[in-house]
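Encoded as C-alpha cells, the structure appears first; notes follow it.
What follows is calculated from the coordinates using simple rules that are stated; it is not laboratory data. Fair warning: this is a prediction, and the values are worked out from it, not measured in the lab. Glycine also receives a Cβ, built like all others from the backbone with ideal geometry; neighbour counts cover every protein chain displayed.
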C-alpha cells in the first residue's frame, strides 16, 4: 500500500506537490505531512531531488496563501463590515486587526506559518489589512519554506535509515518527532517575537 502511495506521488511529480501544497495552504484542510514526507522518502531513493521538492512545496504554499489573501481582500472586509457583529468581529475590532497587521504584519505572517492550526489561515488577516503583497510573499515563503524543508528532511531520513519502508515505521517516525518539532518551532517563534518586540520598542524610543 505504501509503495503504491509512493508510486502515485512519483507519477504526480513536482506539479502534484505544487497542487497539493496549494490546497494545504488555502482554506482546504489537507495535511502537508501527507505530501512532503513522501516527497522526502522519494528523494532518499533518488526518485526526486530534495531541493526541488522543497522549492515546489514552498511555491505551492505561496499559491494557496495568495488565494486566501485575495479572498480576504475582495470579500472579507465587505462581509465582515456587514455581518461581523454577529461573529464577534464588529467594525471597531476589524479596524484594530487592520491596524495591528499594518504595524506588525511581517513578523505575524512569518511566525504564523510555523504554528500548527494557524499557518493555513494567517493569510486572511493579512489580506484584510491589505498587507504589502511583496512583503507578504517574502515572509510567507520564508516561514513556509522552513516547514516544508523540515518535512522533506524527515522523509529523507526515513527513506535513508529504514531498510524497508512501511506505513507503521514512517508513522512512528513522524509520531516520535512531531511533538519535538512543534515545540521547537514554537520556541523559535517565541524567540523571533521577543526579538521583534525589543527591536520595535527601541525603534519607538528612537534608540536605533
Next item on the list: Sort the following peptides by mean Cβ neighbour count (other Cβ atoms within 10 Å, averaged over residues), highest first: 109-121, 189-201.
Entry: 109-121, 189-201
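Quick one: length gained pulling residue 99 to residue 49 fully straight, 0.36 nm per residue minus the C-alpha distance?
Stretched out fully, the residue 99 to residue 49 stretch lengthens by 13.8 nm.
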Item checked: Using a Förster distance of 30 Å, the FRET efficiency for residue 71-residue 138 (Cβ separation, nearest 0.05) -> 0.90
Margin query: Given points 7 Å out from each Cα along the Cα-Cβ axis, report the residue 187 to residue 33 separation in nanometres with one decimal.
Written below: 2.0 nm
